[in-house]
Amino acid sequence: MSTCRESEALRFEAVVAILDRYERDPSRLIPILQAVQEEYRYLPEEILTYVAVSLDLSPAKVYGVATFYGHFSLEAKGKYVIKVCDGTACHVKGSTALVEALRAELGLEDKKKTTDNLLFTLETVSCLGACGLAPVMTVNDEVHGLATPADAVALVKSIREKEAADGNN
């Protein structure tokens, strides 16, 4: 077996286990997609098609569910997802400066959200529900309030150092 085929087999092995865990029940599509996204960090197109065929659903139905819910992503996300709140309180207190500093530090231009090494994804969200900590951001759901652009950059640098020390990226 070639390395490419071995890699592809391993790629589908996880989704097969997920489908088996949910007894290939089409009524459990949302938790299946949640588990798939947790495994792959997004919903790859070929995996969505495989899920559809495995559950005897149309690919359009599965894609429709995957695109309807904001929680699901069809694009690869980084290991660390940074969400910056841009709700009214955070915007007034400088969330735009956080985003600009993070985009510069991460080398993200135009509409690009994820670094090439898939270490970071930067997103803005309407509200994180922590207005008293404005401006606020999260890194993989860990809240960082009263953040300054310098704090945000320092956080990214500390994550990079930790990853380098762990031998990743």
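Descriptive notes on the structure:
- Surface analysis of region 30-169 yields an accessible area of 55 Å² per residue, using protein heavy atoms and a 1.4 Å probe.
- Ellipticity estimate at 222 nm from DSSP helix runs (n ≥ 4, -39,500 (n - 2.57)) divided over the chain, nearest 500: -15500 deg cm²/dmol
- FRET E, pair V53, L118, Förster distance 35 Å, beta-carbon r, rounded to 0.05: 0.80
- Two-site FRET efficiency, A154 against F68, from Cβ-Cβ distance with R₀ of 25 Å, rounded to 0.05: 0.10
- Given their separation in residues at 0.36 nm each and the Cα-Cα distance between them, E100 and E46 gain 16.0 nm when the chain is fully extended.
- Heavy-atom accessible surface of H144, to the nearest 10 Å², is about 40 Å², with a 1.4 Å probe and all protein chains retained.
- Of the whole protein surface, K162 contributes about 110 Å² of accessible area at a 1.4 Å probe radius.
- Cα gyration tensor, region 54-135 - rounded (a/c under 1.5), prolate or oblate: oblate
- Placing unit charges on the Cβ atoms only, positive for Lys and Arg and negative for Asp and Glu, gives region 63-169 a dipole magnitude near 100 debye about its Cα centre.
- With the simple spin-label model, which puts each label point 7 Å out from Cα in the Cβ direction, the E163 to C131 separation comes to 3.4 nm.
- Region 1-135: relative contact order as a whole-number percent, Cα under 8 Å and 6+ apart: 21 percent
- Cβ crowding within 10 Å averaged over residues, with 23-35, 123-135, 84-96 ranked highest first: 84-96, 123-135, 23-35
The values are calculated or read from the model by the stated rules, or taken from the named source; none is laboratory data. All values reported here derive from a predicted model rather than from experimental measurement. Glycine gets a Cβ as well: all are built from the backbone with ideal geometry, and neighbour counts include every protein chain shown. The accessibility values were calculated without ligands, DNA or RNA, using every heavy atom of the protein model including side chains. Shrake-Rupley method; radii C 1.70, N 1.55, O 1.52, S 1.80 Å.
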